[in-house]
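Colleague: The structure that follows is given in the form of structure tokens.
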Amino acid sequence: TSAWIPDFQHLHLPQFFTEKERRLRSRGLKELSESCDRLILSSQCAKDDLRSFAPQHVHKAAVLRFVATPSLAGDNDPELHRRYTFGNPYFLLPNQFWAHKNHRTVISALKLLKGRNRRVLVLATGPTSDYRDPGFFESLMEYAKQSDVLDCFRVLGVLPFREVSALMRDAVAFINPSRFEGWSTTVEESKSLGKRILLSSIPVHREQSPELGVYFDPDDVEALAEAMWGAVQSFDPVEDHG
């Protein structure tokens, strides 16, 4: 038997889990580690965590890094622009609205840029509910309202994949500000499409090592703001077309 262990997030960010959930996750991972013949992990970072969590079972571990192959087919620009009333250029932030995904730093960067009369647009896609913190999305959008960036932080929610593909294709760059990932699909999509990505300098993102990646500390609002503005200034819609 084999089992896939995506990550050990609850050990790194315990504040985002209840004590009961942390206990249940640890118990489940220990049972898998003991009972399975092979443990599949998506990154060397996760394997290192397994070595700390269950050193007696790390010999069972194999790292299998997945890739993403998003389609370039999708709706055309004018159609999407009419449907969701946005213009170019824009950044794409395709992450679930969970606390550890760190949308707040992006909002803070937009506030900083707007205060300098540098207006950029971020389109955010993904489900807006987090069972661990049902009020998180509402509080995040209240922060965006207080920061006066609702005009440049647009939440599109869950979209058909053909629309997400089109948004990927025509974005200035992807953004992944996450505080933790097992192995980021967003980063792999940017690599497969040859798109730039602004990403947090967490260990697994360093391991993924996108050729067109620009790293920033997940708490460094200034660094993200400068990276965003630099990407807009150097953007060529023809050359950067995914």
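Colleague: Normalised by the number of residues in the chain, what is the relative contact order in percent for Cα pairs under 8 Å and 6+ residues apart? Kindly include the intermediate steps, with their values, before the conclusion.
Modeller: Details: 405 pairs, mean separation 51.6, N = 242.
Computed value for the chain: 21 percent relative contact order.
Colleague: Same structure, new question: I want to make sure I understand the PRE zone here: with the label point 7 angstrom from the Cα of R132 toward its beta carbon, which residues in segment 2-25 have backbone N atoms less than 15 Å away?
Modeller: Correct set: 6-25.
Colleague: For the pair S139/E34, report the inter-label distance in nm, with labels modelled 7 Å from Cα in the Cβ direction.
Modeller: In this crude spin-label approximation the distance works out to 3.6 nm.
Colleague: Right, next: Amide H neighbours of L159 under 5 Å, counting only residues 5+ apart in sequence or on other chains, H built in-plane at 1.01 Å?
Modeller: Close amide H contacts, sequence-distant or interchain: G126.
Colleague: Right, something else. Specify which residue in the list H10, S33, H103 is farthest towards the positive end of the charge dipole of the chain, using unit charges on the beta carbon of Lys, Arg (+1) and Asp, Glu (-1), about the Cα centre.
Modeller: So the residue furthest toward the plus end is S33.
Colleague: Please name whichever of A171, I202, A227 sits farthest to the positive end of the charge dipole of segment 166-237, dipole taken about the Cα centre and charges placed at Cβ: Lys and Arg +1, Asp and Glu -1.
Modeller: A171
Colleague: Just to confirm, what accessible area per residue do you get for the chain at 1.4 Å probe, in whole Å²? Intermediate results must be reported in sequence, preceding the final value.
Modeller: On the way: 11610 Å² over 242 residues.
Value returned for the chain: 48 Å² of accessible area per residue.
Colleague: Pop out the ³J(HN,Hα) list for segment 15-29 in order, Karplus 6.51 cos²θ - 1.76 cosθ + 1.60 with θ = phi - 60°, rounded to Hz; leave Gly and Pro as x.
Modeller: Coupling constants for segment 15-29: 5, 9, 9, 6, 4, 5, 5, 4, 5, 5, 5, 4, 5, x, 5 Hz.
Colleague: From the phi angles alone, apply the Karplus equation (6.51, -1.76, 1.60; θ = phi - 60°) to segment 106-118 and give each ³J(HN,Hα) in whole Hz, x where the residue is Gly or Pro.
Modeller: With coefficients 6.51, -1.76 and 1.60, one gets 5, 4, 5, 5, 5, 4, 4, 5, 5, x, 9, 6, 10 Hz.
Colleague: Hey, got the dipole for segment 82-184? About the Cα centre, +1 on K and R Cβ, -1 on D and E Cβ, debye to the nearest 20? Please report the intermediate quantities before stating the final value.
Modeller: Working: 15 positive and 9 negative charges, 77 e Å.
Approximately 360 debye in magnitude.
Colleague: Something else: Under 5 Å between amide hydrogens, which residues at least 5 positions from L198 or on another chain qualify, with H placed 1.01 Å from N in the peptide plane?
Modeller: Distant-sequence amide H within range of L198: F174, I175, N176, V214.
Colleague: Further question on the same structure: Measuring from a point 7 Å past the Cα of R118 along Cα-to-C-beta, which residues in segment 176-198 have an amide N at less than 19 Å?
Modeller: 176-177, 196-198
Colleague: Please state the charge dipole magnitude for the chain, taken about the Cα centre, from unit charges on C-beta atoms (+1 on K and R, -1 on D and E), reported in debye and rounded to the nearest 20.
Modeller: 400
Colleague: In whole percent, and with a 1.4 Å probe on the protein chains, what portion of the accessible area of segment 1-138 is carbon and sulfur? Display every interim value, and only then the final one.
Modeller: Details: 3840 of 7350 Å².
For segment 1-138, the apolar C and S fraction of the accessible surface comes to 52 percent.
Colleague: Under 20 Å between alpha carbons, and skipping anything fewer than 8 positions from K191 in its own chain: which lysines qualify?
Modeller: K101
The values are calculated or read from the model by the stated rules, or taken from the named source; none is laboratory data. Keep in mind it's a predicted model, so treat the numbers as computed, not measured. Quick reminder, even Gly has a Cβ in these numbers, built from the backbone with ideal geometry, and neighbours come from all protein chains shown. Remember, those area values only see protein heavy atoms, side chains included, never the ligands or the DNA or RNA. Shrake-Rupley method; radii C 1.70, N 1.55, O 1.52, S 1.80 Å.
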